[in-house]
Amino acid sequence: MQTISIDIVLDEVINQQELSLEKTLDRYFSPNYRQRTNGCWEDREGFAHHARKLREICTFARIEVLDELRSGNLYATRHRVQCSKRDGAEVVMEVYMFAEIEDSGRFLRVEETTLMLKGTESDRDLGGAK
């Protein structure tokens, strides 16, 4: 089983745009993947739409894991994402994430809440942008 780490996953999803998004999602996310961000649930297809939108909006994202905890198949982090947008603006979000990992090492479920530290009101929902 691979040991998954949110900074590596988000780096591939957002920054390594030359890589196929579908292959990246297959590598890190179960076909049965579900995610709740700020109270809104989506399935893997919904998350794929979100990931595509992030690739459209962001030219680069720096991911910093501030706290990380693993227990069996459970994984939790407090991480910060600093996103440089194509329009030149910068958004900084702090994310509190709790995840369940399937036996293959891929994300099965993520529940997270985000806190915008820098950005405009329209950036507040970047964690759920589609």
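The values are calculated or read from the model by the stated rules, or taken from the named source; none is laboratory data. Here the structure is a predicted model, which means the values were calculated and not measured. In this analysis, Cβ positions are derived from the backbone assuming ideal geometry, glycine residues included, and neighbour counts consider all displayed protein chains. Note: accessible area is taken over every heavy atom of the protein model, side chains too, but ligands, DNA and RNA are not part of it. Shrake-Rupley method; radii C 1.70, N 1.55, O 1.52, S 1.80 Å.
Mean 1/r over all different Cα pairs, inverted: what Kirkwood radius does the chain give, in Å? Could you put the intermediate results ahead of the total?
Working: mean 1/r = 0.0680 Å⁻¹.
About 14.7 Å for the chain.
Who wins for biggest fluctuation among LEU108, LEU25, LEU74 in a Gaussian network model of the chain, springs between alpha carbons below 10 Å? Fluctuation is largest for LEU74. Between helix 44-57 and the chain there is an angle of about 30 degrees, using the helix long axis and the longest principal axis of the Cα atoms.
Count charges around THR3 for me, please; just the other residues with Cβ under 14 Å from its Cβ, Lys/Arg as +1, Asp/Glu as -1. Intermediate results must be reported in sequence, preceding the final value.
On the way: positive: ARG27, ARG70, ARG106; negative: ASP7, GLU68, GLU102, ASP103.
Once all neighbours under 14 Å are counted, the net charge is -1.
Each Lys or Arg adds one and each Asp or Glu takes one away; over the other residues whose Cβ falls under 10 Å from the Cβ of TYR75, this sums to -1.
Near ARG124, within a Cβ-to-Cβ distance under 13 Å, what is the net charge of the other residues, with Lys and Arg +1 and Asp and Glu -1?
On the way: positive: LYS118; negative: GLU94, GLU121, ASP123, ASP125.
Net charge around ARG124: -3.
In the chain, the portion of solvent-accessible area held by carbon and sulfur atoms comes to 49 percent [1.4 Å probe, whole percent, DNA, RNA and ligands not counted]. Relative contact order for the chain: 26 percent, from Cα pairs under 8 Å spaced at least 6 residues apart, divided by residue count.
Coupling constants for the range 84-91 follow from the phi torsions by the Karplus curve (6.51 cos²θ - 1.76 cosθ + 1.60, θ = phi - 60°), and in residue order they are 8, 8, 4, 7, x, 6, 10, 10 Hz; glycine and proline get x.
Considering every Cα-Cα pair within the range 20-83, what fraction, in whole percent, is farther apart than 19 Å? If you can, show how the numbers build up before the last one.
Details: 950 of 2016 pairs.
Beyond 19 Å sits 47 percent of the P(r) for the range 20-83.
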